[in-house]
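Beneath this line is the structure, given in structure tokens, with notes to follow.
None of the figures in this text is laboratory data; all of them are computed from the coordinates on show. Computed from a prediction, not measured in an experiment: that's the story for all the values here. Glycine also receives a Cβ, built like all others from the backbone with ideal geometry; neighbour counts cover every protein chain displayed.
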Amino acid sequence: MTPLVHVSDLVKNYRSGSLDTPVLKGIELDLHEGEFVALLGPSGSGKSTLLSILGTLLRPTRGSIQVKGFEVVGLSDSELTVFRNRYLGFVFQFHHLLPEFTAIENVYFPLAARRGWETQAMKDRAEYLLDRVGLADRMHYRANKLSGGQKQRVAIARALVNSPLLVLADEPTGNLDQETASQVMDLLREINQHEGTTFFISTHDSQIASRCDRRITVIDGKITSNSNVQQTAYADNE
Amino acid sequence: MPFSLKVALRHLASSPAQTLLLIGGVAVSAFLFVFIASLINGLRDTLVKKTIGNLAHIVLEPKEQTARLLMDGMDTGKDPLILDAYEKANFQRDQIRNWQSFVEIAARTKGVTVISPEMVGNGFLIRGQAVAPVSVVGILPERINAMANIEANLVEGDATLDLSSIVLGKKLAEKLGLRIGQSVVLRSDRDRERTLLLRGIYDVGVSSLDERIVYVNIRVARGLFDLAGGVTQIELKVDDLFKADEFAEELASATGLKSTPWTEGNKSLRDGLNAQGRSGMLIQGFSLITVVVGVASALLLTTYRRRNEIGIMRSFGVSKSFIATIFVLQGMIVGMGGAIVGAAGGYQLCAFLRDSARLDNGDPLLPFDPAQGAYVEVIVLTTIGSMLAAIWPARAATRVDPVEVISQ
């Protein structure tokens, strides 16, 4: 079975003057459709860099990333922009909503920016997602009028608006209290189970990681463990 | 509405104070632009009206005849220039014989508003021992107001030109001690003379007219200058005297006559007006530069303020061109808004200044012409300038690194 994402020999070095600092050292990784995967590791281990490279925001020094068998490393900047807009979703530690826009506008922003116009179909999709994340009554609130948890829910809805193949979440609960963090994780899990969206979640919280199907640990730029939390159909990958 | 325009408007509306300040800055520049245009164009028109208003915009005359070489002075040992002069003096005197057909051509020319065929020559006005050199203008009686509005400027008598009447300027009348109804002898340079009765005295305020020009019936002038039937020149006015050169060229080719625009005889005035116009353009250019610098710096600051949002937009696949468009549209909105506000303010102030004080003759004390404020130019140029100014910040915005923003 072809994995959704196949990463092989991924290397990233940061150059500082004449010195190359290796951050990722030959990452090999597969993510399958519908998986809910945690990426663990201490600060500075390379988690965020790996997530940025998978999100095509950063180019690797070497290696290959295939999404559904299609190589994305060699694409141009504008092609990568389109790729992100169509196939990826991002959830960050900080919601990063656009403060002048309402919740619903924030959600359909990626679609409207690509099309150049707002359409009713986009609004319907955004309404549906806001309803799914429990914010049906906050659709027309400005982003800066929402609570932290509500903002993160809007950010999740925005990440899902384009029906992405893969959602990359970088510490999505890192800025939330425990109760809200739990609610957000419940929501991500529910979306994963009901809609089959693949999630790759960077976290250093083992409790969060324990709610995922699989845990991948990165230490010093290398994957040191890749294990299933529960018995899943992907056991043969390990 | 394009989504980029909605985003641009939302960004501008999010910082009303900054946006109003920015629009205000652009408005001041546009205001200055309109103020200068209105003043310089008004001043130009006033100057031209004062100096050219009572004169012909174009004069049609017979072409100067070229002397033919009857004898080669070099061969005979005589100076060939003397031959020229001798021969020119023997030419038939310059006049337009079939002037009616040229009047028709001029009347058919679009933009020609006034036509006055005239018999013009030099002479002397004699009263007793007092003699004054004058320019005699023989005109069709019904066209006495064609060039200078003589009737409107009459200080005594009337301007009816029958075969025994003469109308002249106040200064000339004072010089000769003439009063209405008194007789005066007009002797032409052809040494013919006629006694005429002073019918009217005018004062148009232009020395060259008031001291020198006398008006008589064209038939009287023909007799005095011994040129029966023809006219010596046809004077014209056009609807746009600043296009007199183009009209003159068109009429010259249509009639075959010598066609002289007012600009030829008033070169220093024209040069002065041109220099004034260039100075105005310089000031207007500086005001536009101010717009560009102001808008560019303000939007550049916005780029830095919105780095996070731009980075996030880039992360979810918003194209660089969309982000650049947002900034260029902001420049356009600020430029157009500021230009409209500034132009409206400029119009109001110029109209107020024009109407605030007037001279005795009803002319404004301050020669503003709000109708010539170059409003379309200022709005178009300011909008384009602001859009160009936004390109730099727009390019800076597209260079924001989303990874850097996210990691912060």
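The radius of gyration of the Cα set in the stretch B:186-302, together with its Dmax, comes out at 25.1, 85 angstrom.
Would you please give the FRET efficiency between A:Glu195 and A:Arg59, computed as 1/(1 + (r/R0)^6) with r the Cβ-Cβ distance and R0 = 30 Å, to the nearest 0.05?
Values: r = 30 Å, r/R0 = 1.00.
Efficiency for this residue pair is about 0.50.
Couplings 3J(HN,Hα) of the stretch A:11-24, computed from phi: 10, 9, 10, 9, 9, 10, x, 9, 9, 9, 9, x, 10, 10 Hz, in residue order, whole Hz [Karplus 6.51 cos²θ - 1.76 cosθ + 1.60, θ = phi - 60°; x for Gly and Pro]. Contact order, relative form, for chain A: 28 percent (alpha carbon pairs under 8 Å, 6 or more residues apart, mean separation divided by residue count).
The calculated 222 nm mean residue ellipticity attributable to helices in the protein assembly as shown amounts to -15000 deg cm²/dmol, summing -39500 (n - 2.57) over DSSP H runs of n ≥ 4 and dividing by all residues. Which pairs break 18 Å Cα to Cα here: A:Lys145/B:Lys6; A:Lys123/B:Lys6; A:Lys47/A:Lys68; B:Lys49/B:Lys110; B:Lys171/B:Lys237? A:Lys145/B:Lys6; A:Lys47/A:Lys68; B:Lys49/B:Lys110; B:Lys171/B:Lys237, as the Cα separations exceed 18 Å there.
Computed from the C-beta positions of B:Lys171 and B:Ile283 and an R0 of 30 Å, the FRET efficiency is 0.15 to the nearest 0.05. Between the alpha-carbon centres of the stretch A:1-71 and the stretch B:114-192 there is a gap of 102 Å. Within the listed set B:Leu282, B:Leu125, B:Leu60, the residue fluctuating most in the Gaussian network model of chain B (springs between alpha-carbon atoms under 10 angstrom) is B:Leu282. Between helix B:244-255 and chain B there is an angle of about 50 degrees, using the helix long axis and the longest principal axis of the Cα atoms. Between the amide H of A:Ile219 and those of A:Thr224, distances stay under 5 Å, these residues lying 5 or more places away or on another chain, with hydrogens modeled in the peptide plane.
Per-residue mean of other chain beta-carbon atoms within 10 angstrom of the beta-carbon, peptide B:320-332?
On the way: counts 3, 2, 5, 1, 0, 2, 1, 0, 0, 0, 0, 0, 0.
That works out to 1 on average.
Across all Cα pairs in chain B, the calculated P(r) in 10 Å bins from zero up to the longest distance comes to 4, 16, 18, 16, 13, 11, 9, 7, 4, 2, 0 percent per bin.
Each peptide in A:14-25, A:33-44, A:82-93, B:150-161 gets a packing score, the mean of other Cβ atoms within 10 Å over its residues, and the list from highest to lowest is A:82-93, A:33-44, B:150-161, A:14-25.
At q = 0.12 Å⁻¹ the log10 of I(q)/I(0) for the stretch B:287-405 amounts to -0.55, computed by Debye summation with a single uniform scatterer per C-alpha, solvent ignored.
Can you give the Rg to Rh ratio of chain A, both from alpha-carbon atoms, with Rh computed by the Kirkwood formula?
Values: Rg = 17.7 Å, Rh = 18.3 Å.
Rounded to two decimals, Rg/Rh equals 0.96.
Between 0 and 90 degrees, rounded to the nearest ten: what's the tilt of helix B:320-356 against the longest Cα principal axis of chain B? Roughly 40 degrees between the two axes.
What's the average, rounded to a whole number, of partner chain beta-carbon atoms within 10 Å of each residue's beta-carbon in A:108-114? Kindly include the intermediate steps, with their values, before the conclusion.
Working: counts 1, 6, 5, 3, 7, 12, 6.
Mean partner-chain Cβ count within 10 Å for A:108-114: 6.
Across the stretch B:107-115, coupling constants 3J(HN,Hα) worked out from phi with the 6.51/-1.76/1.60 Karplus curve, θ = phi - 60°, read 5, 7, 6, 5, x, 7, 9, 9, 10 Hz, and Gly and Pro carry x. Averaged over the residues of A:97-107, the number of partner chain Cβ atoms lying within 10 Å of the residue Cβ comes to 3.
Under a 5 Å amide H cut-off, with hydrogens placed 1.01 Å from N, B:Gly138 pairs with B:Met119, B:Val120, B:Gly121, B:Val216 among residues at least 5 apart or on other chains. Taking N as the residue count of the protein assembly as shown, its C-alpha radius of gyration divided by 2.2 N^0.38 Å amounts to 1.69.
Backbone phi angles across the stretch B:369-381, fed through the Karplus curve with coefficients 6.51, -1.76 and 1.60 (θ = phi - 60°), yield HN-Hα couplings of 10, x, 5, 10, x, 6, 5, 4, 4, 5, 5, 5, 5 Hz in residue order; Gly and Pro are listed as x.
Once the convex hull of the C-alpha atoms of the stretch B:99-263 is built, how many Å³ does it hold per residue, rounded to a whole number?
Value for the stretch B:99-263: 110 Å³ per residue.
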